[in-house]
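The structure appears right after this line, and notes come after that.
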Amino acid sequence: MQPTPVIEVDDFTMTFGDKTVIDGLTFDVRPGETFGLLGSNGSGKTTTIRALLGIYTPTAGRLLVQGRPYDPAVHGGLSYLPEERGLYKKETVIDVMTYFGQLKGLPRAQASAWSLHFLERVDLASHARTRLDKLSGGQQQKVQLGVTVMANPEILILDEPTKGFDPVNRRLLLDIIEDHQRAGATVVMVTHQMEEVERLCDRVLLLKDGRAEAYGTVTEVQEHYGGRMIRLTYAGVLPTSSAYVIETNEKNYAELSLTSDADAQVVLRQLLDAGVTVRSFEAGLASMEEVFLRIYGADAAKEA
Amino acid sequence: MADTTRRPGAWHNLGTVIAFEVRRTLKRRSFWAMTLAVPALMLAISALVIFSNGSAMKSVDASQRQQVPFTYTDASGLIDPTIAAKSGGTPTSDADAARAAVVAGKADLFIAYPADPTKQTIEVAGRDKGIAQPTDYAGIARSVLLASAKEKVSDAKLAGVLTGTPRVHELTYADGRVAPGVASVILPGAFLVLFYLAIIMLGNQMLNITVEEKENRVTEMILTTIQPTTLILGKLLALVAVGLVQTLVLIGPMLVLPGLIMTLLGANLPSSADLPPDALPSMADLASAINPPAIAVGALLFLGAFLMFTGLLVSIGAIMPTAKDAGSAFGTIVIALFLPFYAMGILMADPHGVASQVLTFFPLTSPVTAMVRNATGTLYPWETAVTLVLIYGFAALFLALGVRLFRTGSISYNAKLDIRKVFSSRRC
């Protein structure tokens, strides 16, 4: 039996004037999973999150969090890191963190204590009484992270979480997400970083023109949209074959997309028989980046 | 079908917002610098004025005590030589020589009393002693004449009437009752002053209610923890609390310190006995000036105007991308609000004319116009009712619009909000 979804979106439609941004979108997010909401720019990912959190009023459809429309008074266990982010820059770090802790339902003293503990963890304890605008960009990102994960949320919604983060803070954020995954939190990620999707996500939804283009586990989507791949480094000339299509071939590295009934072992034999020196050979599913490019390649080219 | 269930917990986190907003404002040095600057400046100016007045009064007293020797001619025969002599006067028969002595700087003062001082002008020629040493030569001429005239009147009462100020108690009547007069304007008019102070002191902060979240890009995080209506209400209530603190800081020193300064400077406040008898209203006059309906209407107009103006500024803040952009719109609104002050003459002279009616019923000019007319007793009951409905209606409209614009506009971070976009996002 499927567990009761933490998030349910049912036949959601959003229009702005004559423009339909989301058209009849349906999906759910299950407890404890990490869900990736993917799509090219303008595909409606952020609009969906904003409608789910009550910032936008949906034109039609039902968007529920834990079985009811989102309400700050009820859903204190949900935390959101928006794509456009910032904090009260003229206030001190501890004041801002404590304020958000209180807004998330913690008593003032507890919010303050949690904040100081977090600042210790990220080496910012000495800056607790410093105004935010006096901190470096990287330090402000750490404070933003603290605000996002304070009060140990059950549900984390992260819109482009690593956007603009330096490598140190990106590593910190991914560690924090993994900590929350291990603690059983449900995570929804909107991202363009496909390696993060492969590393963290259980299931994904790929939005295209306001509709669900692909929806399922990462493996299901990879199988359906990318198929099986062979990645190899070699010397010689790759022969043509009905068993594969050459997707990439440069500097003695190639990616071959296998046709539906082809066998990787048979292909390897064909290559060796054709006199190709194979230095490395890896058979597997298409990466999420390849899947993304296949679905949005034309869109990406248009944007470029 | 869209979910239209009413959300619970409408005031969730209201107290947290108020506490945060009040605390951070009161912790700000710039707030105290600005708040204390006004009373400090006023006290400094008051001290300077009191000190200057004290010095000037001492100087005048000294100059008055120092007798100015003068010569005079008396064609009227009214001047008593003894009284003139006591004031430093010496009679002369050669007016030209006496005048020439003053012109040459050899004498201080020459006075020529004409044959009929009631119809002809008294000629006074005096030596100029500069602005720093003011002289009252005309006063000397007048006081010698009055004192001499008084000596010639045998009836003491008549002499008193001639030289004193008769006490007068004036009563006017309207609708068979004693009319309260100018004093009746004070209490209803106080709401106008209060409104003016509120706009001056809190206007920019009202504008920042929505601009700040937008400029700091904190809106989305905030709106997932609190309803926009609650956030705006919390910020508004915090603003009122801060305004009360500012008012106390402004009024407190003004009540206490002038007396202290006077004491320290050795100056004396004028007592009521020194003032003309009808300069101050009696307690009975003050009691009759209390007009509860006018005060109640004044209070309602003030509250409605405050809410309307706040709603308008919240809406502007939600539309504009930065505080700087919003500031220019704020200036225009303030000019419109206080436009009736420029038309005060019309409001007084023709309170029921077309211009007054337009100003009374145009939403932006309505609050101030209605408050002025209410204070001066020229606002008819039906006009009061229409104005109140108008002001409260627009207040509700602007506040609702402000919340709606804030919800959508505050995440339109980089550009002015497209209002059509806000209203085209619709429910089924």
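Tabulated results
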read-out: Hey, A:L25 modelled with pLDDT of 90 or more and surrounded by 22 or more Cβ atoms within 10 Å (Cβ to Cβ) or not; value: yes
read-out: Residues of the range B:153-172 satisfying the condition of being modelled with pLDDT of 75 or more and either closer than 30 Å to B:L405 by Cα or among the hydroxyl-bearing types (S, T, Y) (or both); value: B:S154
read-out: Tabulated pairs, the range B:297-315, first at positive phi, second surrounded by fewer than 24 Cβ atoms within 10 Å (Cβ to Cβ), C-beta under 7 angstrom, 6+ apart or interchain; value: none
read-out: Listing of strands (runs of 3 or more DSSP E) fully contained in the range A:211-304 that carry 1 or more residues being in contact with a helix residue (DSSP H, G or I) (Cβ under 9 Å, 6 or more places away or on another chain), in contact (Cβ under 8 Å) with a residue 40 or more places away in the chain and under 22 Å from A:R199 (Cβ atoms); value: A:211-217, A:228-235, A:277-285
read-out: Qualifying residue in the range A:59-77 (condition: of a type in the set (F, W, Y) and more than 16 Å from the chain's Cα centre (by Cα)); value: yes
read-out: Residues of the range A:177-202 classified as in a strand (DSSP E or B) and either under 10 Å from the mean Cα position of the chain (by Cα) or not assigned by TED's automatic domain parsing to the domain that holds A:I22 (or both), total; value: 4
read-out: Matching entry among A:L205, A:L173, A:L135 (being closer than 26 Å to A:T98 by Cβ and either of a type outside the set (A, V, I, L, M) or crowded, with 22+ Cβ neighbours inside 10 Å (or both)); value: A:L173
read-out: Subset tally (residues that are more than 12 Å from chain B (Cβ to nearest Cβ), over 21 Å from A:G297 (Cα atoms) and assigned to a helix (DSSP H, G or I)) for the range A:11-57; value: 1
read-out: Among (1) touching a residue at least 12 places away in the same chain (Cβ under 8 Å); (2) surrounded by fewer than 18 Cβ atoms within 10 Å (Cβ to Cβ) - the single one A:A113 does not satisfy; value: (1)
read-out: Residues of the range A:243-292 that turn out to be farther than 14 Å from A:L232 by Cβ, among the acidic types (D, E) and under 28 Å from the mean Cα position of the chain (by Cα), as a count; value: 2
read-out: Contacts under 9 angstrom Cβ, first residue in the range A:2-13 being more than 14 Å from A:E33 (Cβ to Cβ), partner surrounded by 19 or more Cβ atoms within 10 Å (Cβ to Cβ) and among the β-branched types (V, I, T), 6 or more apart; value: A:V9/A:V29; A:V9/A:T48; A:F12/A:I22; A:F12/A:T48; A:F12/A:T59; A:T13/A:V21; A:T13/A:I22; A:T13/A:T59
read-out: Count of residues meeting criterion [assigned to a helix (DSSP H, G or I) and touching a helix residue (DSSP H, G or I) at 6+ places or on another chain (Cβ under 7 Å)] in the range B:363-385; value: 12
read-out: Helices (runs of 4 or more DSSP H) fully within the range B:66-160 counting 2 or more residues that are more than 28 Å from B:N53 (Cα to Cα) and in contact (Cβ under 8 Å) with a residue 60 or more places away in the chain; value: B:81-86, B:137-152
read-out: Tally of residues being surrounded by 14 or more Cβ atoms within 10 Å (Cβ to Cβ) and either touching a Gly at 6+ places or on another chain (Cβ under 6 Å) or at positive phi (or both) across the range B:96-126; value: 1
read-out: Residue in the range A:159-166 that is within 18 Å of the chain's Cα centre (by Cα), among the hydroxyl-bearing types (S, T, Y), modelled with pLDDT of 85 or more and assigned by TED's automatic domain parsing to the domain that holds A:T46 present; value: no
read-out: Tally, over the range A:62-108, of residues that are within 26 Å of A:L38 (Cβ to Cβ), at the interface with chain B (Cβ under 9 Å from one of its Cβ atoms) and in a loop (DSSP other than H, G, I, E, B); value: 8
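Residue-wise test of (1) in contact with a strand residue (DSSP E or B) (Cβ under 7 Å, 6 or more places away or on another chain); (2) at pLDDT below 90.
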{"position": "A:E33", "(1), (2)": "yes, no"}
{"position": "A:G36", "(1), (2)": "yes, no"}
{"position": "A:L53", "(1), (2)": "yes, no"}
{"position": "A:A60", "(1), (2)": "yes, no"}
{"position": "A:L63", "(1), (2)": "yes, no"}
{"position": "A:R68", "(1), (2)": "no, no"}
{"position": "A:H75", "(1), (2)": "yes, yes"}
{"position": "A:V96", "(1), (2)": "no, no"}
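Residues checked against (1) more than 21 Å from B:L388 (Cβ to Cβ); (2) of a type in the set (A, V, I, L, M, F, W, C); (3) part of a helix (DSSP H, G or I):
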{"position": "B:P321", "(1), (2), (3)": "yes, no, no"}
{"position": "B:K324", "(1), (2), (3)": "yes, no, yes"}
{"position": "B:A329", "(1), (2), (3)": "yes, yes, yes"}
{"position": "B:T332", "(1), (2), (3)": "yes, no, yes"}
{"position": "B:A336", "(1), (2), (3)": "no, yes, yes"}
{"position": "B:I346", "(1), (2), (3)": "yes, yes, yes"}
{"position": "B:S356", "(1), (2), (3)": "no, no, yes"}
{"position": "B:T360", "(1), (2), (3)": "no, no, yes"}
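Per-residue answers, yes or no, for (1) modelled with pLDDT of 90 or more; (2) closer than 19 Å to B:L192 by Cβ; (3) among the aliphatic types (A, V, I, L, M):
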site: B:A305; (1), (2), (3): yes, yes, yes
site: B:G327; (1), (2), (3): no, no, no
site: B:Y342; (1), (2), (3): no, yes, no
site: B:M371; (1), (2), (3): yes, yes, yes
site: B:Y380; (1), (2), (3): yes, yes, no
site: B:L390; (1), (2), (3): yes, yes, yes
site: B:F394; (1), (2), (3): yes, yes, no
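The values are calculated or read from the model by the stated rules, or taken from the named source; none is laboratory data. This structure is a prediction, so every number in the text was calculated from the model and none was measured. Counting neighbours? That spans all protein chains shown, and the Cβs are built from the backbone with ideal geometry, glycine included.
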